[in-house]
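Read through the structure below, which is laid out as structure tokens, and then see the notes.
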Amino acid sequence: MNGLMMDVPLTITSIMQHAEKVNGDVEIVSVTGDNPRHRYTYRDAFRRTRQLANAIAGWGLASGDRIATLAWNDYRHFETYYASACSGYVCHTINPRLFPEQVAYIINHAEDQYVFLDPDFLPLVEGVAAECPGVKGWVILTTEERMPQTSLPNAICYESLVASGGETFVWPQLDENAACALCYTSGTTGNPKGVLYSHRSTMLHAYATMMPDALGLSSRDVVLPIVPMFHVNAWGNPYACPMAGAKIVFPGSKMGDGATLAALINEEGVTLSAGVPTVWLGLLAHLKQSGERVESLQRIIVGGAACPLSVMEDFDRYGVESRVGWGMTEMSPLGSVNASTASREEVGEEKFAKLRLKAGRPIFGVEMKIVDDEGGEQPWDGVAFGSLKVRGPWVCSSYFKLDGSDAHAEEGWFETGDVATIDPDGYMAITDRTKDVIKSGGEWISSIDVENVATDHPKVAEAAVIGHFHPKWSERPLLVVVRNADGEDLTAEEMLAWFDGKIAKWWTPEAVEFVEELPHTATGKLQKVALREKFKDYAFPQ
Ligand code: AMP
């Protein structure tokens, strides 16, 4: 017997309609190329979204067609998200930090019909436009007065486009399983792969991220999404904030600028912010140097890469709670959050530090398991390592236009490519990427744990550990370090001595090499393939 409840589709159109009616006066503040502090309300945003929808309705696109964006976090990008997806098209966010060949590949693979771009990305787009013959028009996210000279065929001014559309628009009734957004994940090898989100998955993910032990989002929050809208939809913030009625502060191109971030936090009363470890390093460096504080900021979500303990401890001193979040493009992205239930006083400093570095507990809706090489499930004892697999309504079931993938080899599960432990309380800790594990004498060494200890050294800016051939142990860890401004005199001996008593003796790196910088992917992750290639002829000192 079925329940007798209404079958109302879960579409993001309803988020927009709800926010306009219920949270109409709540502000969206943006830094843009043409305005250092643009502000308007959800009511204004969704009126303009209807105008935009009217304007693009004239383009004659078919339902499901892709509209791409190459844009910073700001109100125009936000409007494009909703106008495209709620019209029945798919908003394809492209990471402008990818190599031009990858951008061209992605535009063609996705068969993007129109591309909305920030003027900052004009040189990139002009360079690839000739290789993207399927694109019918290029919309430049600016005003008529600021329209740049361009060689792009059919360049359209965004503000003129919006102004050409009427304010009333009847949104189509969409199936909740219809696609709404597309984001390519750039692995370290092979071509980028497309993750195609549905209205339903996006809605459920947004609901889940609002939960108290996840982002803990409410109408009393002011949210600064520093994580880009081109990186897994800014971790769902553009959907969860209007759902909750939270004010949004978009940093535009200034996500790496500590001074602007501090000003936005203090002047707009930001309570919650989300970003990768690198942006927090930038903000903390600015606070230390300027003596400013961030009184309104209550908590930050740190994800995308392992967070150094020093970042959390620095935020402790500013009275800001830092929560580690773990997830993937393939997971919309949120899978787990560490809103630690243990207190420092209860468990002691050392255990507290270890616990808070973990990736946290699965949020409701995401199931996890860890398996060995034969697929056997490993115990949740906090010690056994295994490949981490996940499933849930916001986890991708296959990649866009790609039949079958190793990651989906086991029916109903997605293989994350991460290696993890899970403790009896459900706290998951990432120890490595599958491809990066180091096996020394047959035993696994967690490169992330070793990197965490290394980056806590006061003279270290960044560190990476790779497995390297060793005649006796088959592999031993090699530590590659970038010194910071205070670290000119840091020696290999001093660095290695730093590990004494902090990790198991045999996990201590075999050797240290100093470099000026480490290779990163377009989403800021360490590119260990490139690092291993650089050190392939290296020999450990006898
Ligand atoms: P992306 O799809 O670009 O967001 O990358 C996802 C990958 O980033 C994951 O599979 C992890 O390897 C890594 N990652 C994300 N969050 C964390 C975290 N909190 N700690 C360690 N690695 C992380």
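The values are calculated or read from the model by the stated rules, or taken from the named source; none is laboratory data. Remember, it's a predicted structure, so these values are computed and weren't measured experimentally. For neighbour counting, all protein chains shown are included, and Cβ atoms are generated from backbone atoms with ideal geometry for every residue, glycine included. Keep in mind that these areas ignore ligands, DNA and RNA; they rest on the heavy atoms of the full protein, side chains included. Shrake-Rupley method; radii C 1.70, N 1.55, O 1.52, S 1.80 Å.
Would you pick out the residues in region 490-513 that are of a type in the set (D, E) and farther than 17 Å from E475 by Cβ?
Selection gives E493, E494, D500.
Out of the residues in region 315-331 meeting the condition of being of a type in the set (D, E, K, R) and open to solvent by 20 Å² or more (accessible area, probe 1.4 Å), tell me which one is nearest to the ligand (Cβ to nearest atom). Before you say what the answer is, go through the steps one by one.
So in region 315-331, the residues of a type in the set (D, E, K, R) come out as 316-317, 321, 323, 330.
Still in the running and open to solvent by 20 Å² or more (accessible area, probe 1.4 Å): 316-317, 321, 323.
Working: D316: 18, R317: 22, E321: 16, R323: 10 Å.
Ranking the candidates gives R323 first.
Filter region 300-314 for residues that are surrounded by fewer than 18 Cβ atoms within 10 Å (Cβ to Cβ) and not aliphatic (A, V, I, L, M); which is modelled with the lowest pLDDT?
Initially, region 300-314 is screened for residues surrounded by fewer than 18 Cβ atoms within 10 Å (Cβ to Cβ), giving 309-310, 313.
Narrowing the set further to residues that are not aliphatic (A, V, I, L, M) leaves 310, 313.
On the way: S310: 89, E313: 94.
Ranking the qualifying residues of region 300-314, first place goes to S310.
For residues that are crowded, with 17+ Cβ neighbours inside 10 Å, of a type in the set (A, V, I, L, M), assigned to a helix (DSSP H, G or I) and more than 16 Å from the ligand (Cβ to nearest atom), tally how many sit in region 483-542.
Number satisfying all stated conditions: 1.
Would you list the strands (runs of 3 or more DSSP E) that sit entirely within region 273-350 and hold 2 or more residues that are of a type outside the set (V, I, T)? Step through it out loud before you land on a result.
Values: elements: 299-302, 321-327, 334-338.
The strands (runs of 3 or more DSSP E) meeting that bar are 321-327, 334-338.
Restricting attention to region 144-159, does a residue exist that is of a type in the set (G, A, S) and in contact with a Lys or Arg (Cβ under 8 Å, 6 or more places away or on another chain)? Reasoning before the result, please.
Going residue by residue through region 144-159, those that are of a type in the set (G, A, S) are 151, 155.
Those left that are additionally in contact with a Lys or Arg (Cβ under 8 Å, 6 or more places away or on another chain): none.
No, region 144-159 has no match at all.
Return a yes/no flag: does region 70-77 have any residue that is open to solvent by less than 20 Å² (accessible area, probe 1.4 Å) and without any contact (Cβ under 8 Å) to a residue 40 or more places away in the chain.
No, because not a single residue in region 70-77 is open to solvent by less than 20 Å² (accessible area, probe 1.4 Å) and without any contact (Cβ under 8 Å) to a residue 40 or more places away in the chain.
Taking the condition open to solvent by less than 50 Å² (accessible area, probe 1.4 Å), of a type outside the set (A, V, I, L, M, F, W, C) and at pLDDT 95 or above, does E176 pass?
On the way: open to solvent by less than 50 Å² (accessible area, probe 1.4 Å): yes; of a type outside the set (A, V, I, L, M, F, W, C): yes; at pLDDT 95 or above: yes.
Taking the combined requirement at face value, the residue satisfies it.
Just to be sure, is D112 assigned by TED's automatic domain parsing to the domain that holds H199, among the charged types (D, E, K, R) and open to solvent by 20 Å² or more (accessible area, probe 1.4 Å)?
Values: assigned by TED's automatic domain parsing to the domain that holds H199: yes; among the charged types (D, E, K, R): yes; open to solvent by 20 Å² or more (accessible area, probe 1.4 Å): no.
Here the answer is no, as D112 does not meet what is asked.
Of all residues in region 463-474 being among the small types (G, A, S) and more than 16 Å from the ligand (Cβ to nearest atom), which is least open to solvent (accessible area, probe 1.4 Å)?
G467
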